[in-house]
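Notes follow once the structure below has been shown.
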Amino acid sequence: MTEQASSAPAVSNPWLVAIAVMLATFMEVLDTSIAAVALPYIAGSVSATNDEATWVLTSYLVANAIVLPASTWFSLRFGRKRFLIACIVIFTVSSFACGAATSLAVILIARAVQGAGGGALQPLSQSILLESFPPQKRGIAMAVFALGVVVAPVLGPTLGGWLTDAYSWRWAFYINIPVGVFAVFMISRYVQDPDYVREAKPGKLDGIGLGLLAIWLGCLQIILDKGQEDDWFSATWIRWAAFVLVICLVGFLIREFRHKNPLVDLRVFRHRNFTLGCILIGLFGAAIYGLVTLLPLFYQEIMGYTALAAGWAVSPRGVGAIIAMPMIGYLTAKIDNRYLIAFGFVLFAIASLWFGEVNLSIGQWTFLWAIIISGFGSGCVFVPLSTTTMAFLKNEEIGNASGLYNLL
């Protein structure tokens, strides 16, 4: 028996594992896009300005980004299944706290805790899924996983708009509770830790590495989120934050390469496929999440649409993504994945050029085909790119690699 086979989780049906981990990912990604739509309503409810309310997104993203690359150490230290369940519980409980918050301070604290709980959900779910299937079936498995990663941000604005208009912005957070409970049940029943996780001895937590990681990622997220408001480097505080970012980033890289038991094993970048895959997913993520976040806000803040109307306007992206998933899942085993990735990027580029025609005279369905094409293109990119990036990694490397991949 090979080392890879002996360390694989003993499950009777890997598709049940796929459903279980997809629920956790779907819940986490869905929440991000729902919160963006509900932001103006949250600001009004807690007597905050729109600029102050954007910290609802920033606090979540900072905590989320810090936990993402560190998730491997925690999963090896406490057990991957146990840590995943704990993260879902934290995410679910803090979702209730967000919905029940009566002030901006409370919701910011709850969102930071929610981000910390949600940070590990994507990398852990992806590593569990990839290890549960043989390499030749990972393309189809990733197509299922992509329903959570790609479709959730598309459904988020529509669902969030309907909940906000029909009930209250608080239900944008309460909706996570039944999903979280069901995800805990499914993971408890069907997910098992492989031998290498049960027998792992990760050593002492690299506290210095974690501190440096938290500082440089926090500075980066705040600069990106608030830079435009203060004219970027014209503001003194942004120049200081950038200086701290660079110092801590360099210190973090030196620390992780030289430490015996690093918090994040950066040596995984020796794999060419993984390095190129991380670069591509970073570029693609910046493009698609910018589009997913900004377009609904444009419809609401500039065009005066309700949250539900804005959600419906961008919802056709889900149609394109859902059409793409089964086709791409099948084709990944039949066609060179590089062609699929290139095709997806070309489609997304065409859609992006189309979006460049935006103006104040557009209607609700002006960008219907551009939105559908962008959804189809995102499906063409995500599935084969994720599969190819992780294709030549050992099972023991997938958890650490998945954390870095999802961070980018």
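The values are calculated or read from the model by the stated rules, or taken from the named source; none is laboratory data. Just so it is clear, the model here is predicted, and its values are computed rather than measured. Positions of Cβ are generated from backbone atoms using ideal geometry, with glycine treated the same way; all protein chains shown enter the neighbour counts.
Things to note:
- In the stretch 128-224, counting only helices (runs of 4 or more DSSP H) that sit wholly within it, the ones holding 3 or more residues that are hydrophobic (A, V, I, L, M, F, W, C) and assigned by TED's automatic domain parsing to the domain that holds A110 span 138-146, 152-166, 171-174, 176-190.
- As for the stretch 264-275, it holds no residue that is assigned by TED's automatic domain parsing to the domain that holds E396, at pLDDT below 80 and among the hydroxyl-bearing types (S, T, Y).
- Reported count of residues in the stretch 340-359, each being in contact (Cβ under 8 Å) with a residue 60 or more places away in the chain, part of a helix (DSSP H, G or I) and of a type in the set (V, I, T), is 1.
- Test result for I362, touching a residue at least 12 places away in the same chain (Cβ under 8 Å), among the β-branched types (V, I, T) and in a helix (DSSP H, G or I): no
- The set of residues in the stretch 300-352 being among the aromatic types (F, W, Y), touching a helix residue (DSSP H, G or I) at 6+ places or on another chain (Cβ under 7 Å), surrounded by fewer than 21 Cβ atoms within 10 Å (Cβ to Cβ) and modelled with pLDDT of 85 or more consists of F343, F345.
- Residue within the stretch 88-100 that is in contact with a Leu (Cβ under 8 Å, 6 or more places away or on another chain), crowded, with 19+ Cβ neighbours inside 10 Å and in contact (Cβ under 8 Å) with a residue 24 or more places away in the chain present: yes
- Selection count where residues are surrounded by 15 or more Cβ atoms within 10 Å (Cβ to Cβ) and touching a helix residue (DSSP H, G or I) at 6+ places or on another chain (Cβ under 7 Å), scope the stretch 207-243: 19
- Residue that is nearest to L331 (Cα to Cα), among those in the stretch 361-384 that are of a type in the set (S, T, Y) and surrounded by fewer than 24 Cβ atoms within 10 Å (Cβ to Cβ): T366
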